[in-house]
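Chemist: Got a structure for you, questions after.
Values quoted throughout were computed directly from the atomic coordinates according to the rules given, and no laboratory measurement underlies them. Quantities reported herein were computed from a predicted structural model and do not represent experimental measurements. A quick note on method: Cβ atoms are made from the backbone with ideal geometry, for glycine too, and the neighbour counts reach across all protein chains shown.
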Amino acid sequence: MNRAVCPGSFDPITFGHLDIIARASTHFDQVVVSVLENRTKASMFTVAERIAMIEETTKKFSNVVVTSWHGLLVDFCKANDITTIVKGLRAVTDFDYELQMAQVNLQATGVETMFMATAPAHSFLSSSLVKELAHYGGDVSTMVPPAVHAALKLRAEGK
Ligand code: PNS
């Protein structure tokens, strides 16, 4: 089976992530969305909450499954027989960091990273921006699916 992973912190999932997952799902037999830890970022939602939101918003894709992993992405790939990592590139600002990770992962284990250009409509979108806007009561309804919008509202109210 030709299986790919879409890894990320997904804190929370946005329409930008969903676009990449949807497009990747047309190129692979199965796409595994894996919630991983990014040690450079503090999280708003627990891993279980993030998984629940991703499951809710990807349930329409029959070949997408959702899970999490604590540790290196390449070890996740090895444990799950995955040879391809799929990532979205929004702009040149993403490139240095993503290239570095892709090269380290390739050198370590031979796992390939394939980059997909983010749809122009989502090029400015990030989970961090969404959290900042939601925190101050900004409207993020065009940036995240309804289930995530509701969860952000509750979190902004301290629930
Ligand atoms: O959505 P993000 O925060 O940009 O995703 C980054 C993530 C979680 C995919 C990356 O930090 C990662 O792969 N973390 C797992 C640990 C790991 O493998 N680190 C080495 C990367 S070279």
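Chemist: Can you tell me the alpha carbon radius of gyration of the chain divided by the globular rule-of-thumb value 2.2 N^0.38 Å?
Modeler: 1.01
Chemist: If you rank TYR97, TYR136 by fewest surrounding Cβ atoms within 10 Å, what's the result?
Modeler: TYR136, TYR97
Chemist: Quick check: residue separation of GLU49 and ALA150 times 0.36 nm, minus the Cα distance between them. What number comes out in nm?
Modeler: Extending this stretch completely gives an extra 35.1 nm.
Chemist: Quick one: order MET1, MET114 by neighbouring beta-carbon count within 10 Å, fewest to most.
Modeler: MET1, MET114
Chemist: Next question. Quick one: order LEU152, LEU133, LEU18, LEU99 by neighbouring beta-carbon count within 10 Å, fewest to most.
Modeler: Least crowded to most crowded, the residues run LEU99, LEU133, LEU18, LEU152.
Chemist: Counting Lys +1, Arg +1, Asp -1, Glu -1, what net charge surrounds SER68 among other residues with beta carbon under 10 Å of its beta carbon?
Modeler: Every neighbour counted, the sum reads 0.
Chemist: Still on this model: Determine which residues of region 4-21 fall in the zone a paramagnetic label at ALA117 would reach in this model, i.e. backbone nitrogen under 12 Å from the point 7 Å along Cα→Cβ.
Modeler: Counting only backbone N, you get no residues.
Chemist: Averaged over every viewing direction, what's the projected area of the C-alpha convex hull for region 12-99? Give it in nm², one decimal, please.
Modeler: The directionally averaged projection comes out at 6.2 nm².
Chemist: Rounded to the nearest 20 debye, what is the charge dipole size of region 3-122 about its Cα centre when +1 sits on each Lys and Arg Cβ and -1 on each Asp and Glu Cβ?
Modeler: Roughly 100 debye, rounded to the nearest 20.
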